[in-house]
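Student: I am attaching a structure below and will ask some questions about it afterwards.
The values are calculated or read from the model by the stated rules, or taken from the named source; none is laboratory data. Computed from a predicted structure; not experimentally measured. Cβ placement follows ideal geometry from the backbone for every residue including glycine, while neighbour counts extend to all protein chains displayed. In case anyone asks, the SASA skips ligands and DNA or RNA and just uses the protein heavy atoms, side chains included. Shrake-Rupley method; radii C 1.70, N 1.55, O 1.52, S 1.80 Å.
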Amino acid sequence: MRQLILHHSKYFLLFLFLVFSFPSCDKVNQSPIPDVYVSFTVNLFIVNELNVPGNSVYFPGVGFGGVIVTCESPGSWYAFDAACTEEASQNCIVQNDEVLADCPCCGSQFVLIGGGNPTKPPATLPLKQYNVSLINNSLLRIYN
């Protein structure tokens, strides 16, 4: 009986080693933009351009390079850090124009709906995305 327990404990330890040595299944944060605390609200009655699909608004002083919030469709918003992922600098802030954002430093372009993905090189990584939730049908909460 003792040999049976020792035999199975080897396999159990091997199993534990394998489980804890593989990386997590969570999405890997590939963004070169540093993690900074982000938590603010936007009143949709005041910033009413965010009620119109295709519009975007830049909010300086939050995130690493400011935050761009865009309205994809009624009831659907995205929020991205405005720092270009190619430059990863607070001095290279993408300029938003409706659903597109252009980096004046490297010339990269990003689409602000569906993930902030680059549409023009040299950037290959999407803009750093933040969470957005609607509170009481009038406030957007942007946070990480």
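Student: Within 11 Å, Cβ to Cβ, of C84, how many net charges do the neighbouring residues add up to if Lys/Arg are +1 and Asp/Glu are -1? Intermediate results must be reported in sequence, preceding the final value.
Tutor: Values: positive: K128; negative: D81, E86, E87, D102.
It works out to a net charge of -3.
Student: Give the accessible surface of the range 33-144 per residue, rounded to a whole number of Å², with probe radius 1.4 Å and ligands, DNA and RNA excluded.
Tutor: Values: 5380 Å² over 112 residues.
Value for the range 33-144: 48 Å² per residue.
Student: Would you work out what percent of the accessible area of the range 86-144, with all protein chains in place, is carbon or sulfur (probe 1.4 Å)?
Tutor: Of all accessible area on the range 86-144, carbon and sulfur atoms account for 43 percent.
Student: Turning to a different aspect of this structure: Count charges around P32 for me, please; just the other residues with Cβ under 14 Å from its Cβ, Lys/Arg as +1, Asp/Glu as -1.
Tutor: Here the charged neighbours net out to -3.
Student: Same structure, new question: Taking all pairs of different Cα atoms in the range 73-144, averaging 1/r and flipping that mean, what Kirkwood radius in angstroms comes out?
Tutor: On the way: mean 1/r = 0.0793 Å⁻¹.
Here the Kirkwood hydrodynamic radius works out to 12.6 Å.
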